[in-house]
Amino acid sequence: MKTTIETLHKKIYIEQPLIHCITNQVVANFQANGLLALGASPVMADAVEEAAEMTSKADCTVLNIGTLKKQTVEAMLLAGKSANDCGVPVVLDPVGAGATAFRKNSVLRILDEVQLSLIRCNVGELMAIGNVNWKAKGVDSGDGDADIETVAKQVASKHQCIVAVTGSTDIVTNGVDTHFISGGDPIMTRVTGMGCLLSAVTGSFLAVAHENQLLAVASALTFYKSAGEKAASIANGTGDFAFLFLNALGKQALCTQMEGVLK
């Protein structure tokens with residue numbers, strides 16, 4: 001696992017994949033800086049007039065519904081279909097998918113019209129996509145009684161993609177094989193954009209992994225948790241954690257100590 005992470009991270013630095021992010025206005029700057037720290041090349045083009053063309057030049061497309069508008073949905077659909085035509089990965093981050101009917105319907109439309117490579121979500125968002133009864137507020141994970149792994153496998157199988165459900169222990173599945181990834185630090189949940197950046201980081205790993213996509217996603221999540229642990233170990237609070245985390249994304253090129261655990 002450590003060797004795979006090292007290999008993929010080095011490939012990102014060498015290939016500098018272009019990651020097209022149609023993302024939300026709250027996190028765009030943090031997401032772009034995180035991709036640059038990782039070694040990737042970010043572009044944020046959300047205009048309907050250019051979304052498909054930009055995607056045709058990219059190595060991965062990341063769709064994030066955090067601050068959703070009708071025009072954004074149309075741009076996402078155009079970008080996703082263009083990515084499918086070009087054979088490049090598409091990552092969906094269904095932020096707060098169950099918070100409103102507009103969000104859920106937009107996500108369901110994307111799932112219906114675009115072949116995704118990865119859905120990167122929290123538990124609440126997973127349950128909204130899986131149409132499972134769950135108590136969630138806004139973009140929070142919420143609470144419920146459903147078995148998370150089972151629902152993740154069902155969603156992955158239905159949509160023929162990888163599902164990564166992130167939390168204190170991440171669950172990554174393609175509907176058949178499943179990885180559980182522990183690690184990280186609680187401070188990661190108190191910085192806006194950490195999940196959004198994670199979706200883009202997984203997209204970068206997918207962009208340079210031309211074979212085992214499931215292992216690439218698991219590697220990205222393990223890498224991300226380890227970076228969080230390193231930044232948290234020297235941070236005094238959420239303010240300096242954010243920029244220390246960006247440093248950790250770059251300084252981990254050799255991945256000398258991977259704290260995430262795959263089971």
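Here are the numbers:
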| item | result |
| --- | --- |
| Protection proxy ranking of 85-94, 64-73 - average other beta-carbon atoms within 10 Å, highest first | 85-94, 64-73 |
| Inter-centroid distance (Cα atoms) of the range 71-124 relative to the range 13-67, Å | 14 |
| Surface accessible to a 1.4 Å probe, I129 within the full protein complex, Å² | 20 |
| Extension gain, Y13 back to L108 (0.36 nm per residue minus Cα-Cα distance, nm) | 30.8 nm |
| Structure-derived P(r) over Cα pairs in 10 Å bins from 0, in percent - corresponding label in [x] 6, 23, 22, 16, 15, 11, 6, 1; [y] 7, 29, 30, 20, 11, 3, 0; [z] 8, 34, 39, 18, 1 | [z] |
| When each of K10/K81; K2/K225; K11/K153 is checked by Cα-Cα distance, pairs over 20 Å | K10/K81; K11/K153 |
| Among beta bridges that DSSP assigns inside the chain, antiparallel share in %, nearest 5 | 40 |
| Charge dipole (debye, nearest 20) of the chain; +1 at Cβ of Lys and Arg, -1 at Cβ of Asp and Glu | 200 |
| Gained length - S233 relative to T67, 0.36 nm times residue gap less alpha-carbon distance | 56.6 nm |
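The values are calculated or read from the model by the stated rules, or taken from the named source; none is laboratory data. Everything quoted here is computed from the prediction, not taken from an experiment. A quick note on method: Cβ atoms are made from the backbone with ideal geometry, for glycine too, and the neighbour counts reach across all protein chains shown. Heads up: the accessible areas ignore ligands, DNA and RNA and are worked out on the full protein's heavy atoms, side chains in. Shrake-Rupley method; radii C 1.70, N 1.55, O 1.52, S 1.80 Å.
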